[in-house]
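In what follows, a single structure is set out as structure tokens and then discussed.
What follows draws every value from the coordinates through simple rules; no lab data is involved. In this text the structure is predicted, and so the values were computed from the model without any measurement. Every residue, glycine among them, receives a Cβ derived from its backbone with ideal geometry; neighbour counts consider all protein chains shown.
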Amino acid sequence: MQLRGGETLYQSLVEIFGKERVSKEDFELLCYSRDAGSLLPKSPEYVVVPNSKEEIQRLLVLARKEKRPVTVRGAGSSMCGAPIPLVDSSIVLDLTRMRRILDLNEDTMSILVEGGITWTEVIEYLQEKGWELGLEGPWSAPSATVGGAIAVAAICMGAARFGGLGSEILGLEVILPDGGIMRTGTGAHPGNLMVDRDCNGIDMAGLFIGSHGTLGVITEVSLKIYPLHEAEDYFAFSFSSLDDAIEALHGLARYRIPYDTRIFVHPVPEEMGGRACLVSMLKGTRAEVQEQGRLGLELMRRARGKQIPDFGKTYYQGRFTTRAEAFGKAGPGWLEVAGFIPIKKYPEMAAPVLDYFAERKAEIERLGTHPPTPTEFRRARQQLRTSLLMSTESLSARMHAIARMLFEEGKLEPLDAIATAIEQTTLEEVCSLAVQLANWRTWSLVLCR
């Protein structure tokens with residue numbers, strides 16, 4: 001593409017980043033065309049890897065001048081499509097070289113890091129110093145960047161005690177689309193450290209949490225830190241009824257007992273059995289963990305739970321590898337939908353979700369043996385082309401339409417096309433269901449082949 005003065009966009013990018021940190025090679029662009037989810041890939045036109053804030057500022061000024069979209073990318077471990085370009089002319093901004101620890105301030109109990117550092121790098125650094133984060137980052141913490149998790153408002157390990165990610169953020173530094181720099185909270189004053197999010201003025205940090213990189217590039221993050229915990233413990237219980245499990249879970253929340261807790265309903269792990277099961281992790285001083293364990297076990301037994309030895313320890317001690325293993329066993333089309341609902345309303349919410357998947361299973365089973373009629377196929381394909389996937393057409397017709405289109409256009413092999421079609425149609429329907437039930441849409445697809 002020629003810019004003003006005859007210079008190409010590629011030449012301008014090389015001038016900013018150097019030739020070794022700009023790529024337009026097909027094989028590299030392919031690597032940046034998707035994230036860990038199952039949304040259809042889209043390759044950018046260029047990938048750039050900055051070493052400094054100044055380079056990011058220059059890029060955004062150039063992109064704004066030339067009306068080129070910039071897609072911000074951390075490690076690409078999200079499952080919601082945030083780092084996938086929307087159009088062919090995009091420039092992907094890879095932040096993974098900006099991964100320094102800038103300051104550990106024990107007086108203010110805070111740590112300042114660059115947005116491209118991973119959660120595990122921060123956790124391991126702090127452990128050596130006798131400190132820890134409140135939230136351990138998402139399940140993909142070994143690869144997930146701090147800035148990326150904030151940009152997608154990731155649900156993090158430790159949420160049962162500390163809540164959402166915003167509760168642990170003291171301040172952000174963000175480069176805006178015009179190249180200007182904003183620092184939030186106390187850091188808004190040039191002479192101040194970012195040690196408090198809630199101060200005079202508007203809470204600007206909240207504007208960027210969950211913004212998916214649409215409002216700016218998160219370059220620095222200040223997080224709360226705590227003295228390293230002395231002890232951990234774990235427990236796991238299965239329940240013969242969902243109502244009993246929910247009663248136990250509500251008790252844990254009411255008394256703020258666990259550091260983290262998970263409920264399994266469908267499917268329940270084979271090792272656990274029952275209709276539902278709870279797994280919890282405790283953290284704190286030895287005395288705190290002992291008391292938390294006593295109260296937790298009392299609540300579980302009062303709700304008629306059956307203790308499952310060792311499962312909780314295995315689950316949480318392998319918490320940064322367990323999920324990847326689960327995805328591998330699940331195979332292609334592993335779909336996750338997350339929403340925020342009151343604990344006591346869960347049984348009411350779960351019923352239509354389980355009904356949906358029971359109906360869906362039956363229709364998927366007929367996918368390969370009863371293809372749609374030509375008329376049905378043409379009608380579904382026309383609706384696909386106009387993005388009307390939430391039509392009244394049968395699910396299998398829409399899946400066939402997507403798969404046929406992908407195969408005919410040479411984008412995917414037949415089996416991959418069918419698997420992707422299943423994921424895309426499920427995505428639309430389950431997201432719609434999540435909105436209806438929880439008035440919240442945060443979804444992700446995970447594809448493991």
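Taking the square root of 5 times each eigenvalue of the Cα gyration tensor, what semi-axes in Å does the equivalent ellipsoid of the stretch 246-322 have, largest first? Could the numbers behind the result be given before it?
Values: eigenvalues 74, 52, 22 Å².
The answer is 19, 16, 11 Å, longest axis first.
Which order do peptides 64-74, 273-283 fall in by mean Cβ count within 10 Å, highest first?
On the way: 64-74: 18.4, 273-283: 22.4.
The most tightly packed comes first, giving 273-283, 64-74.
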task = In whole Hz, with x marking every Gly and Pro, tabulate ³J(HN,Hα) for the stretch 142-149 from phi via Karplus 6.51 cos²θ - 1.76 cosθ + 1.60, θ = phi - 60°.
result = x, 10, 5, 8, 5, x, x, 5
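Once fully extended, how much extra length lies between residue 290 and residue 226, figured as 0.36 nm per residue of separation less the alpha-carbon to alpha-carbon distance? Don't jump to the answer; show the numbers that get you there.
On the way: separation 64, 0.36 × 64 = 23.04 nm, distance 1.97 nm.
Stretched out fully, the residue 290 to residue 226 stretch lengthens by 21.1 nm.
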Members of 42/313; 42/344; 24/53; 224/306; 19/224 lying beyond 31 Å, as alpha-carbon distances in this model show = 42/313; 42/344; 224/306; 19/224
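If packing is taken as the average number of other Cβ atoms within 10 Å across a peptide's residues, how do 11-17, 241-247, 196-202 rank, most packed first? The partial results should precede the final answer.
Values: 11-17: 17.6, 241-247: 19.4, 196-202: 12.6.
With the highest mean Cβ count within 10 Å placed first, the list reads 241-247, 11-17, 196-202.
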inquiry  = Relative contact order for the stretch 69-153: what percent, with Cα pairs under 8 Å and sequence separation of 6 or more?
reply    = 30
request  = Report the relative contact order of the stretch 1-153, percent, no decimals, based on alpha-carbon pairs under 8 angstrom and at least 6 residues apart.
outcome  = 19
Distance in nm between pseudo-label sites at residue 240 and residue 188 (7 Å out along the Cβ direction from Cα) = 5.8
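For the peptides 155-162, 187-194, what is the packing order when you average, over each peptide's residues, the other Cβ atoms within 10 Å and list the highest mean first? Kindly include the intermediate steps, with their values, before the conclusion.
Numbers: 155-162: 19.0, 187-194: 15.1.
Result, highest mean Cβ count within 10 Å first: 155-162, 187-194.
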task = Take every Cα pair under 8 Å in the stretch 232-319 that's 6+ residues apart, average their separations, divide by the length, and report that relative contact order as a whole percent.
result = 46
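Nearest-5 percent of antiparallel DSSP beta bridges in the stretch 1-111?
Details: 5 of 12 bridges.
Percentage antiparallel, nearest 5: 40.
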ask   = Over what distance in Å are the Cα centres of the stretch 224-296 and the stretch 105-182 separated?
value = 24
